[in-house]
Structures are given as structure tokens and as C-alpha cells.
């Protein structure tokens, strides 16, 4: 049985927002569907971990007396009549959001308000306008801008961008004021959303990064409760606590950054630092004090550590990457000791479900250990190609980056060393490379047995592609041509197996991008084998067996390149 995971994820995304739908799904839940649901959870784990921490913080708000802070929030806000009128009107037209076709009357109301806002904006350029009036006008621009985010037409989206930019310019230099912080973070979130719709991904991420930075700076110490301008003009909202509103805006920021991170983690240093600092506080109680941990903490921490390791590995910072993976393994060891041992095995359903989660996360970590080793092989091949064989320089550089950019997450270093599945950092010869290769292959083969094509074809293919690359990189360290040929042949066998599995698993929606990747790698690997065979028979007449091999690999290459070129 082959399933299209993307379709299932869409179903799960909708189901998890609707309890009735989810209950129907759960009532028919099989082990296969549990696994697929776990896959869905993994792609949202960092966000789940962060949301849990924020929600825990929000619980403390409810235990505090808020009447005094609310009274203090509104005290001192003096908004001029004409600015207050525009502000109230902007909240009124926010009810137009979600309306597909605005009536002429509503469009006229919006236009009239925009004209008033423009006039007041011109006044702020020429007069000594009060700060509270500027705040009111900025909020009005923010409210109007949100109307335009609903549209798909480029001209409307550009209007939204200009409106949010005007809002932020009005708040320029005062973004961290308690009267401005909610609007500042909200406007940056919306600006990112609209910019992304216009396919400007780089700028979209820059706006999110700015929103993250503002939140971190504002909430760094014992911060003042933000002032919610809506309450000042008597607008009722579902959430009245301004701290919760700020946190919810922050969750939106994190959700969108997380989406960017999963696609391209390389340049997400601020986000990774933020995650690291939160994990540092969380894990200190476990790694130093030996605190007993819960099931959800374990899984969230372990998966988040693995996701953070991707950033380090892709940036060739293998010390941090390895330490995060080792810490994830240690957390799962603690999961086994603190959770699994104490579950009543007589309750088969509970134990079975927890065991499924445990096995999945262990396999997920194992998969990334294999990828880590493959990336390490690739890195040192590139270093040799640049004729820079200095191990000492690389290690000191990585340690310097650790100390300057991130405080080490590793507290119990001696304990965590037991969980380093790949101990090498420097690969200077074939012996080093083979050691890393064997350890990587052991991890990848283990993960491959778990992520079988019947339940998760995408993970199976990605693991298999890592295996293919591991053979490729090891062959680059091998000096004997015949052994090089043998390694590349093993690579081709692996790729042919992937191609066959993909062919069986692909429906009309398919996994075409992965298929094209496999065809491309088959073409290049066959070309490499033929080139090595030609070198091996240079100056002599090839035997019939060699000629047959040439023909076989030429045929595989022709077929693969035809499929790659003609299938889109």
C-alpha cells in the first residue's frame, strides 16, 4: 500500500484543527497511520516545542493581578480627536476582512478613510505631532493594510506593502515602546506574508527576522505589559491580555520562520540561537540536575535538537552538529529510563502507542546521524579539492565559532561522549574515510529498515540517496581504480533500487522531483564508471566482459537522461 504523504498531511492539518474530524480519524487509526501522523508532527516539532513554552508562560499571567496593570496601561494615552476618529474607523473597517467582493459603498468608506490618513500623515511630516497621535495613525495603517493581505492581485498586495511600510516608518525608532510593540511585530509579520505572496522570499524572511529580534529585545528582562490600543478605543477582542496578544504574534513569527527553516536552514542563525538559548534553560535541569522528564518533553527536545543540528551541518560546523545529535540520543536514553520503564505494560494500548513514538524518534535521529557522516565525508572531499588538508585549522575555527556565536549546549560532556556515534572530525586518508563511511552506513541502513517504502517512500528515498552519496565520497578517497569502480557500481545498484521503488510508489501526483534526482545521479554515476573503465583499459583492447559492462552502463545512462530531460 503506497500513500501520498502530502495529501495525508493536508488532511491532518485540517483534522487537527477540527476535533470531530480528528476523532473520526483516530477511531480508525492503524499503526501505519500512527506513523504517518508522527511524520506530520515531526515537521511541526520545533513549533510545538516553542508553543508549549509560550503557553506555559501564559499560564503565569492568569495568576497575576491585572487590574492595576490594565489601569496603568491606559493611563497617559492622549489621542487628538481627528486621530482618534481615524483610529476608530480603521477598527470598524477591519470587519470587512474575509469579504470576497466588497460593495461599492464599502470601497468608498475605505477610500475616504485612506484619504484622511494620508492627510494626517502629511501633517506628521510638517508639524510636531504628539507621539500618541503617531501611534494611533500607525495602528490605523496597520488595520487598513490587513484588508489588502486578503487579495491575490499584485496591485492590491503592493498597496498592502506600502501601507505596512508607512506604519513602520511612523514607528521608526520607537518600535520597542510599550505602545508600539504590538503594532510593530504585527506589521512585520503581515509584511512578510504579503512579500512572500509576491515571491520575494528573501525579503519575507528579513521581515520575520526583524519581528523575532523585536520580541526578544522587548521580553528580555522584566518587561512592561504592552499597551493594546484597541482597548483604549473600546474595541472588544477575544484575547484582552496584551502579553498574550504579543505572544500570539510571536507564535505567528515562529511558525513562518520555521517554514523558511525547513526549506533552507543555512542562513537562519538568529532563529537557531533563539532555539538554542531556550533549550539551554530546559536541558540544564536534565543534564546537570538529573530531573525526571516527561514523554512530551523528551520527544519535543530530541526532535528539536535534531532539527537544529541541520543548521550546523549545512554550515560545516560539525562540532555543534555532532553535539546536538549526541544530546538528542542522550535525551532518548533518558526517555527509556524515565518513561518507558514505568509505563504499565498490562495497558497494551498505552505502551504500544508510546513505543511507536519512541521507535520513530530513535529512527529519525539515526537517519540524521547517517546524513551527518555523509556531510562530513563531502566536506573533507571539498577541502582536499581546495588543497587544504589542515585538520587543526578547521577544528579551532569550529571551536571559535562555538564560543563566539553560541554558548556550548553540552553540560555533561563526559556522559554525552558515550552517545557520539561518529567520533571523527577530521578525515585525512582512506582509513579515516572508511571508518566514517561504515558508521554512516550503519545508521542509514538502520533508518532505512524503519522508514520502509510502504509507509514513507519520501524518507526511504532520501536515506537511499544519502547512501548513494556515501559510496561516491568514499570512492574519492580510494586510490585503487578497481576498488573505485566497485564502489561506484554499488552506488548504481542502490540508485536502481530507489528508481524501482519510486516507480511502484508514484501516482499521477507522484514524487517527480525525487525521481528526477535519482535519474540525474544514475546518469552521472554510470558516466563515472564508464570513465574509470576506459582509464583501466587504456592502451589495450577491452575484453568482451568489459565491452558488455560499457554497454550496460551506457544503456542505463541513456534511459536515465532521456527520462530526466523528457519528464517534467
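The values are calculated or read from the model by the stated rules, or taken from the named source; none is laboratory data. Quantities reported herein were computed from a predicted structural model and do not represent experimental measurements. Glycine also receives a Cβ, built like all others from the backbone with ideal geometry; neighbour counts cover every protein chain displayed.
Show me the helices (runs of 4 or more DSSP H) found entirely inside the stretch 347-451 where at least 1 residues are at pLDDT 85 or above and assigned by the TED database to the domain that holds residue 283. Before the answer, list the steps.
Values: elements: 348-385, 391-405, 413-417, 430-450.
So the answer is 348-385, 430-450.
Taken over the stretch 498-548, the criterion of being at positive phi and surrounded by 13 or more Cβ atoms within 10 Å (Cβ to Cβ) is satisfied by 510 alone.
If the condition is being in contact (Cβ under 8 Å) with a residue 24 or more places away in the chain and either farther than 30 Å from residue 511 by Cβ or assigned to a helix (DSSP H, G or I) (or both), then the stretch 539-568 contributes 553, 554, 556, 557, 560, 561, 563, 564.
If the condition is being in contact (Cβ under 8 Å) with a residue 60 or more places away in the chain and under 23 Å from the mean Cα position of the chain (by Cα), then the stretch 463-492 contributes 463, 466. Go through the stretch 225-249 residue by residue and tally those that are surrounded by 14 or more Cβ atoms within 10 Å (Cβ to Cβ) and outside any helix (DSSP H, G or I). Count: 7. Filter the stretch 330-356 down to the residues that are in contact with a helix residue (DSSP H, G or I) (Cβ under 6 Å, 6 or more places away or on another chain) and either under 25 Å from residue 474 (Cα atoms) or in contact (Cβ under 8 Å) with a residue 40 or more places away in the chain (or both) and list them by number. Correct list: 330, 331, 335, 339, 356. In the stretch 93-112, of all residues being modelled with pLDDT of 90 or more and surrounded by fewer than 15 Cβ atoms within 10 Å (Cβ to Cβ), the one that is farthest from residue 135 (Cα to Cα) corresponds to 108.
I need the helices (runs of 4 or more DSSP H) fully contained in the stretch 73-166, keeping only those with at least 1 residues that are over 32 Å from the mean Cα position of the chain (by Cα) and free of Cβ contacts under 8 Å to residues at least 12 places away in the same chain.
Numbers: elements: 81-93, 104-126, 131-148.
In the stretch 73-166, 81-93, 104-126 are the helices (runs of 4 or more DSSP H) which contain 1 or more residues that are over 32 Å from the mean Cα position of the chain (by Cα) and free of Cβ contacts under 8 Å to residues at least 12 places away in the same chain.
Within the stretch 311-320, can one find any residue that is in the same structural domain as residue 459 (by the TED database), modelled with pLDDT of 85 or more, closer than 15 Å to residue 436 by Cβ and surrounded by 20 or more Cβ atoms within 10 Å (Cβ to Cβ)? The answer is yes, given that some residue of the stretch 311-320 is in the same structural domain as residue 459 (by the TED database), modelled with pLDDT of 85 or more, closer than 15 Å to residue 436 by Cβ and surrounded by 20 or more Cβ atoms within 10 Å (Cβ to Cβ).
Against the condition within 22 Å of residue 243 (Cα to Cα), within 28 Å of the chain's Cα centre (by Cα) and at pLDDT below 95, how does residue 199 come out, does it pass? No; evaluated as a whole, the condition is false for this residue.
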